[in-house]
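Below is one structure, written out as structure tokens; the observations come after it.
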Amino acid sequence: MKRSPGTAIARTLVLAMLTLFIVVPFYWVVAGSFRAPAEIIAREVIWFPQSVTFEHYENLLRQSPFPTYLLNSLIVAAGTMLATVVVSTLAAYGFYRLRFPGREWLFRATLLAYAFPGVLLIVPMYGMMSGLGLIDNLLSLIIINVTFAAPFAVWMMKVFFQTIPKELEEVAELDGATRLQVLTRILLPLAAPGVAAIGIFAFVMSWTEYMFASILILSDGLRTLPVGLAGIIGQYQIDWGLLLAGATLVTVPVVVLFTLIGRYFIAGMTAGAVK
């Protein structure tokens, strides 16, 4: 069906507006982090910094515990991503390949984790982690983040496995390959976009998680970025330069991750939505 010129123009205008809504706030944060304090609080709109300063970054990295919070967040996010990929891949392969009573019911039940707001699970989660001795431990955040990320990841990986011809598995099994070898050497390479998608999803979700991190972590030296950055800003009485510098640095790992494997994430999300 041939599209009219008006439709193409309207689509272009909509895409341009969406791009502005995304790019302009991001540019304002990054540019503001290099501005002098007087420019940040100026009443008139200043699109381009009249003077470039690294003062905010120096204060953030040298005079605050921001590097510690950054390391803690990297540990939690990387641990969550790795655990989610391993657990979700094995679970999805089990739902896809194994035959056992209640398989479909159990698969649907995994998605019930999204039926309850996270705030309702604070008390039972806190009691569970307290019983395990994991209060004020980064491992507790990894466990909770995996709990919330795994259901969606299992569903997506199962969809990917269903698109792979079973004949490939049967041939590998005839050659003497075990199910674990079939999974790691045949299915996972073919489902690489799905693995990348669930990995990025788990990383970003844990990177921005605030509620459980603010409750389960008590020591200042174990805080993650969302909680720690809020404490830093409050300590310095809303230092906007410090806030903008911190917000810029917080986005760096996510941008780097998307730069490296973002194309697989887009392919995985598109395939998961269509198949």
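We did not get these values from a lab; they are worked out from the coordinates using the rules stated. Owing to the predicted nature of the structure, the values given are computational and were not obtained by experimental measurement. Cβ: placed from backbone, ideal geometry, glycine included. Neighbour counts: every protein chain shown.
Structure notes:
- Relative to its residue count, segment 109-224 spans a Cα convex hull of 134 Å³ per residue.
- From the C-alpha gyration tensor of segment 58-99, square roots of 5λ in Å: 39, 5, 4
- Put a dot 7 Å past the Cα of Thr208, heading toward its Cβ, do the same for Ala36, and the two dots end up 3.5 nm apart.
- Relative contact order computed over segment 19-156 (Cα-Cα under 8 Å; 6+ residues apart), in percent: 27 percent
- Exposure proxy shown here: for Val45, Val76, Val23, the number of other Cβ atoms within 10 Å sets the order, fewest to most, as Val45, Val23, Val76.
- Cα lying deepest toward the dipole's positive end in segment 55-210, options Ala153, Gly176, Ser206, charges on Cβ: Gly176
- Nearest-0.05 FRET efficiency for Leu260 and Arg99, computed from C-beta distance (R0 30 Å): 0.20
- Computed over neighbours whose Cβ is under 12 Å from that of Val52, the net charge equals -1, Lys and Arg +1, Asp and Glu -1.
- Distance distribution note for segment 1-61: the fraction of Cα pairs above 12 angstrom is 74%.
- For segment 1-156, a crude dipole built from +1 on the beta carbon of Lys and Arg and -1 on the beta carbon of Asp and Glu, taken about the Cα centre, is about 880 debye to the nearest 20.
- Test item: Cα-centred dipole of segment 154-220, Lys/Arg +1 and Asp/Glu -1 on Cβ, debye: 80 debye
- For the chain, the membrane-span-like helices by this rule, meaning whole DSSP H stretches whose C-alpha atoms cover at least 30 Å of axis and whose Kyte-Doolittle mean is 1.6 or above, are 5-32, 138-162, 240-274; this says nothing about an actual membrane.
- Charge dipole of the chain (Cα centre as origin; +1 on each Lys and Arg Cβ, -1 on each Asp and Glu Cβ, all else neutral): 920 debye, rounded to the nearest 20.
- Distance between the 7 Å Cα→Cβ label points at Gln162 and Ala115: 2.0 nm.
- Charge sum, other residues only, whose C-beta stays under 15 Å from Ala230's C-beta, Lys/Arg counted +1 and Asp/Glu -1: -2
- Cα pair distances in segment 1-134, grouped into 10 Å bins until the bin that holds the longest one, percent each: 8, 15, 21, 21, 23, 10, 2
- Projected label points at Ala10 and Leu180, each 7 Å from Cα along the beta carbon direction, are separated by 5.7 nanometres.
- Rotationally averaged projected area of the chain (alpha carbon convex hull; nm²): 21.2 nm²
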